[in-house]
Ligand code: PLP
């Protein structure tokens, strides 16, 4: 009997080892990590260069409390991250995960507006559906009722706008008018709330688990930036899932050449080798807060040297292997293969994404976008069938925003074309099995 109580709807085997894109259970069965865990293992498992760097760091120190020591590992990683970040975002605050990165951004933003004499600003506008983490602050800006409902009375009620869902609304995502249409909802929300009460807007450049890799329409990200500037609202890019090269650029927002005031990073940044996340902030914001007495925030494990050494080695592996460009190329190849399946399986209603943040969505009717009946439990059933067939994919059913059963297919960025073929074959078989189970 296990003493753990993680949520698993279906019993899962014990993990024995993992290498590259493959994971092996204790009974020897092999699984393709087709979702990089939860879009984490971007460079694949057991990379020897990262393991060597971690071993070397372990020989030096595994912990140095940030108020007692600087560490070479955290300085080096901060330098590497700033070199990739948009101009002006040159301060880094390390944490151990995505929710902590989001919380850090919210708290720095609040302290910053106080230094500007704008203490009336405290609201953070976000989108639905969206996912920004499971701590109470991050949940307050998360647009996913399944995650938030039990905790509602404990959270601040933060305003939300719809995430752009052009494909469901029958709009052309390539038409800049579509981007304007959705982005202007932010302006309206700021006006409705009272501009002097709004502190920040948070957005995932490409939607993650909540929307299933929904890509913003043309012009959306740029217009969002303009609106934030016009009303003095800070812009936070939640790059927890998109950062680290997964979308085919190091930061997801590079696709639209827009820069935020704050960035949240995690997941692929530590790539599963160590719990690691970061807030990257505009230098002048940090200076203002430090001059006013300092940032009233900090986690004990922040800047852990072992985690930072791992993160640093991960970035080197990404650079040396040209993995960001490879992710863009393999993402196109994967989307092609999924579109091939779409031609054969009418219940695939949409294929979308950027780079290797790729998803497909099942629907009862592609033309009307009618979702599959909830009773089919497609989101978990297809995942289970694929799992039994040796392929791990990631799914959520989101109500309210997208039509429902979407599946993220996001293998490590080292994936080869042959491995994409292998994944597509298993997916093909799994879809056929799922369809055979459907009531006629
Ligand atoms: N933000 C985004 C966009 C995420 O996808 C996630 C996790 O899925 C988080 C924040 C929270 O990260 P963590 O689970 O590491 O706390």
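Taking helices (runs of 4 or more DSSP H) as the structural unit, those lying wholly within the range 70-189 and holding at least 2 residues that are under 30 Å from residue 287 (Cα atoms) correspond to 72-84, 98-115, 136-140. On inspection, residue 381 passes the criterion of being in the same structural domain as residue 27 (by TED's automatic domain parsing), surrounded by fewer than 22 Cβ atoms within 10 Å (Cβ to Cβ) and outside any loop (DSSP other than H, G, I, E, B). Got at least one residue in the range 221-239 being without any contact (Cβ under 8 Å) to a residue 60 or more places away in the chain and at positive phi? Taking every residue of the range 221-239 in turn, none turns out to be without any contact (Cβ under 8 Å) to a residue 60 or more places away in the chain and at positive phi. Set side by side, the residues 129, 153 differ, and just one is buried (at least 23 other Cβ atoms within 10 Å of the Cβ) and assigned by TED's automatic domain parsing to the domain that holds residue 260, which is 129. Residues in the range 298-331 that are within 26 Å of residue 215 (Cα to Cα) and surrounded by fewer than 16 Cβ atoms within 10 Å (Cβ to Cβ): 319, 322, 325, 329. Going by what's in this entry, would residue 163 be described as within 22 Å of residue 238 (Cα to Cα), within 16 Å of the ligand (Cβ to nearest atom) and within 18 Å of the chain's Cα centre (by Cα)? Yes; evaluated as a whole, the condition is true for this residue. For residue 179, the conditions (1) under 24 Å from residue 103 (Cβ atoms); (2) modelled with pLDDT of 95 or more; (3) surrounded by 15 or more Cβ atoms within 10 Å (Cβ to Cβ) are fulfilled apart from (1). For the range 198-220, the count of residues that are free of Cβ contacts under 8 Å to residues at least 12 places away in the same chain, within 23 Å of residue 107 (Cα to Cα) and either crowded, with 21+ Cβ neighbours inside 10 Å or away from the ligand (no atom under 15 Å from the Cβ) (or both) is zero.
Kindly indicate whether any position in the range 275-286 is more than 15 Å from the ligand (Cβ to nearest atom) and without any contact (Cβ under 8 Å) to a residue 12 or more places away in the chain.
Scanning the range 275-286, I find no residue that is more than 15 Å from the ligand (Cβ to nearest atom) and without any contact (Cβ under 8 Å) to a residue 12 or more places away in the chain, so the answer is no.
Total residues in the range 90-106 satisfying the condition of being within 12 Å of the ligand (Cβ to nearest atom), within 18 Å of residue 65 (Cα to Cα) and touching a helix residue (DSSP H, G or I) at 6+ places or on another chain (Cβ under 8 Å): the figure is 2. Any chance the range 56-73 includes a residue that's modelled with pLDDT of 95 or more, crowded, with 20+ Cβ neighbours inside 10 Å and within 16 Å of the ligand (Cβ to nearest atom)? Looking through the range 56-73, none of the residues is modelled with pLDDT of 95 or more, crowded, with 20+ Cβ neighbours inside 10 Å and within 16 Å of the ligand (Cβ to nearest atom). Only one entry in 135, 146 is modelled with pLDDT under 95, within 16 Å of the ligand (Cβ to nearest atom) and surrounded by fewer than 24 Cβ atoms within 10 Å (Cβ to Cβ), namely 146.
One residue is enough: does the range 248-263 have a residue meeting the conditions within 11 Å of the ligand (Cβ to nearest atom), within 16 Å of residue 82 (Cα to Cα) and in contact (Cβ under 8 Å) with a residue 24 or more places away in the chain? The answer is yes, given that some residue of the range 248-263 is within 11 Å of the ligand (Cβ to nearest atom), within 16 Å of residue 82 (Cα to Cα) and in contact (Cβ under 8 Å) with a residue 24 or more places away in the chain.
Would you check if there is a residue in the range 228-244 being over 20 Å from residue 36 (Cβ atoms), under 14 Å from the mean Cα position of the chain (by Cα) and buried (at least 24 other Cβ atoms within 10 Å of the Cβ)? Yes, the range 228-244 has at least one match.
Look at the range 20-55 and say how many of its residues are in a strand (DSSP E or B) and surrounded by 13 or more Cβ atoms within 10 Å (Cβ to Cβ).
Within the range 20-55, the subset in a strand (DSSP E or B) is 20, 22-25, 30-32, 45.
Still in the running and surrounded by 13 or more Cβ atoms within 10 Å (Cβ to Cβ): 20, 22-25, 31-32, 45.
Here the count works out to 8.
Just checking, how many residues over the range 336-378 are in a helix (DSSP H, G or I) and more than 23 Å from residue 440 (Cβ to Cβ)?
Counting residues in the range 336-378 that are in a helix (DSSP H, G or I) and more than 23 Å from residue 440 (Cβ to Cβ) gives 5.
The values are calculated or read from the model by the stated rules, or taken from the named source; none is laboratory data. Fair warning: this is a prediction, and the values are worked out from it, not measured in the lab. Positions of Cβ are generated from backbone atoms using ideal geometry, with glycine treated the same way; all protein chains shown enter the neighbour counts.
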